[in-house]
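Laboratory data are not the source of any read-out in this text; all were calculated from the coordinates shown. Please read all numbers here as calculations on a predicted model, not as lab measurements. Neighbour counts are summed over all protein chains in view; Cβ atoms, including those assigned to glycine, are modelled from backbone coordinates with ideal geometry.
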Amino acid sequence: MDQAMIEFQSVTKQYPGGQPAVDGLSMSIAKGSVTVFVGPSGCGKTTSLRMINRMVEPTSGTITVDGRDVTSVPAAELRRSMGYVMQSAGLLPHRSVLDNIATVPRLNGVSKAEARKRARELLDVVGLAASLGGRYPSQLSGGQQQRVGVARALAADPPVLLMDEPFSAVDPVVRDELQQELLRLQKDLAKTIVFVTHDIDEATILGDKVAVFATGGKLAQYASPEEILRAPANQFVASFVGRDRGFRHLGFAPSDGVAIHPVPTIIRASGGYESDSSAAGGWQLVVDADKRPLGWSAPGTEIELVPGGSLFRPGDSLRRALDSALSSPSGLGVAVDADGVVLGVVRGGEVLALIEEARQVRQAAL
Ligand SMILES: Nc1ncnc2c1ncn2[C@@H]1O[C@H](COP(=O)(O)OP(=O)(O)O)[C@@H](O)[C@H]1O
Ligand SMILES: [Mg+2]
C-alpha cells in the first residue's frame with residue numbers, strides 16, 4: 001500500500017441553506033502522487049481542496065495531513081506549509097516576478113537575498129527565462145503568469161501542492177505545454193499534488209488517481225484514470241467521461257505489438273528532390289537530409305508537399321498510433337525515433353486489429 005499523505009474521513013461541508021457542498025467525503029491520497037478532483041461545476045471540488053489547508057473549515061469529519069489532524073495546526077501556518085495555485089495566478093500586481101515568487105519564503109523568515117536566489121532558480125525550474133524576473137505580472141502572457149504561480153507555490157518547497165483549475169484560463173496549446181511541464185517537474189519533485197479541474201481529459205492526463213465528484217458534493221468514483229475510462233462506476237461517471245471514453249482509453253493501451261513498415265521516401269536536399277525508391281503509384285514520404293519527415297507527396301502528381309499528420313514514437317500508446325494513421329493524408333502513420341528520424345509507417349487497420357485482439361483477451365479473462 002502507498003503511504004497516505006492526506007486523508008478525508010466522513011467530511012461534510014454544509015453552507016447555510018441548500019444541499020451540502022461536500023457530502024460525507026472519505027478518501028485517502030497517497031504520498032508523492034497526483035490526485036485529480038474532477039466533476040461538473042458546483043460539485044464541491046474547490047471546497048474539498050480548500051478544506052485541506054483550512055481555507056474552508058468542514059462542518060463535520062476529519063482531515064489529516066501526514067498523520068496530523070489539520071485543526072491541530074494554526075490555519076495560517078498550515079496554509080503556508082502547502083503550495084497553492086489558482087486559476088488566475090493571483091500574483092501581486094505591484095511586485096516583480098521574483099518578489100512574487102519569494103513571498104512565502106520571506107513570510108517564513110528567509111532573508112531577502114536568499115529568497116531571491118531561490119526565486120531565480122525556480123524561474124528556470126518552471127521553464128521561464130531569467131530575464132523575466134524583473135518584470136511585473138501584467139507584462140507576462142497568461143501561460144507565463146501561471147508558470148510564475150507554480151514557481152511561487154514551490155518556493156518554500158512544500159510537500160503538498162494544491163492546484164485549483166490552474167490551467168483552465170489559458171488556450172489549449174499552452175495548456176498542453178503546462179500539463180507536460182507539470183508531469184516533467186513531478187518526476188523530480190514527487191510532491192503530493194491535489195489538482196482540481198472540470199476537464200476529464202486533463203484529469204486522465206495528469207492523475208495517478210482521479211476522483212470524480214457528482215452534483216451534491218458526493219464522490220462518485222475514485223480510481224486510476226484507466227479504470228475510470230474503462231469501467232465507470234455508474235451512469236453519472238459514464239456520462240461525465242463522455243462519448244469518446246473508448247477512444248481516450250486507448251491512451252493507456254501499450255503499442256508494443258504495432259508493426260512498423262518501410263515507406264518509400266523522397267529526400268529533399270539543397271539540390272532538390274531525390275527519390276530513394278521505385279515506388280510507383282503510391283504515397284511517398286518527403287524527408288530532409290537527416291531523414292526527418294517534412295510531409296507527403298501524393299501519388300501521380302508533381303512533387304508537392306502535403307502536410308503530414310501526428311507522429312508516432314515507439315513506446316507511445318495505441319491512441320497515438322491510431323491517431324498518426326488517421327491524421328495522415330496517406331492513411332499511414334509516420335513513426336520516428338527519439339531524434340525525430342523516420343523509422344517507417346504504421347497502418348490504421350493493423351492498429352485496429354490489435355485493439356480488437358486486446359479486447360478479446362480482456363473478455364476471455366472475465
Ligand atoms: N462561501 C460559500 N457560501 C455558500 N455556498 C458556497 C460557498 N462556496 C461554495 N458554495 C457552494 O458550494 C457548492 C460547491 O462549490 P465549489 O466547491 O466551489 O464547487 P466546484 O469547485 O466543484 O465548482 C456550490 O453549490 C457552491 O455554490
Ligand atoms: Mg471550483
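The table below lists the values:
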quantity	calculated
Burial ordering of Ile260, Ile303, Ile266, fewest other beta-carbon atoms within 10 Å first	Ile303, Ile260, Ile266
Hz values of 3J(HN,Hα) by residue in segment 343-358 - Karplus curve (6.51, -1.76, 1.60), Gly and Pro given as x	9, x, 10, 10, 10, x, x, 5, 5, 4, 4, 5, 4, 5, 4, 5
Positive-pole candidate from Ser297, Val263, Leu326, dipole of segment 260-366, charges at beta carbon	Leu326
In Hz, Karplus ³J(HN,Hα) per residue of segment 3-15 (6.51, -1.76, 1.60; θ = phi - 60°; x = Gly, Pro)	6, 6, 10, 10, 10, 9, 10, 6, 8, 10, 10, 10, 7
Antiparallel DSSP beta bridges within the chain, percent to nearest 5	60
Zone residues, segment 89-122, relative to Tyr136, backbone N less than 13 Å from point 7 Å out along Cα-to-Cβ	92-97
Per-residue Cβ neighbour rank within 10 angstrom, fewest leading, Thr197, Thr215, Thr47	Thr215, Thr47, Thr197
Residues Asp99, Asp124, sorted so that the one with the fewest Cβ neighbours within 10 Å comes first	Asp124, Asp99
Theoretical gain in end-to-end length, Asp199 to Leu92 [0.36 nm per residue, Cα-Cα removed]	35.8 nm
Spin-label model distance (nm) - Ala75 vs Ser317, 7 Å beyond Cα toward Cβ	4.0
Net charge contributed by nearby residues that have their C-beta within less than 10 Å of Glu57 (K/R +1, D/E -1)	+3
Interatomic Cα distance distribution for segment 133-288, bins of 5 angstrom, percent	2, 7, 13, 13, 13, 11, 10, 8, 9, 7, 5, 2, 1, 0
Amide proton proximity set for Phe213, modelled H, under 5 Å, gap of 5+	Val38, Gly39, Ala220
Compactness of segment 237-366 - radius of gyration and Dmax, Cα, Å	16.9, 60
Lysine pair count for segment 4-243 [Cα-Cα under 20 Å; pairs on different chains or 8 or more apart]	12
Dimensionless Rg/Rh of the chain - Kirkwood Rh, Rg from C-alpha atoms	1.06
Long-range amide H partners of Leu25 with built H, under 5 Å	Val11, Thr12
Whole-Hz ³J(HN,Hα) from phi, Karplus 6.51 cos²θ - 1.76 cosθ + 1.60, for segment 44-53, glycine and proline x	x, 5, 5, 4, 4, 4, 6, 6, 5, 9
For Leu107, net neighbour charge (Lys/Arg +1, Asp/Glu -1) across residues whose Cβ lies under 11 Å away	+2
About the Cα centre, charge dipole magnitude for segment 4-243 (Lys/Arg +1, Asp/Glu -1 at Cβ), debye	640
Between segment 116-137 and segment 311-327, the alpha-carbon center distance in angstrom	36
DSSP loop GluC sites (Glu not before Pro) with at most 16 other Cβ within 10 Å: longest gap in the chain	1-301
Filtered trypsin sites (Lys or Arg not before Pro), segment 227-258: DSSP coil and at most 16 other beta carbons within 10 Å	Arg243
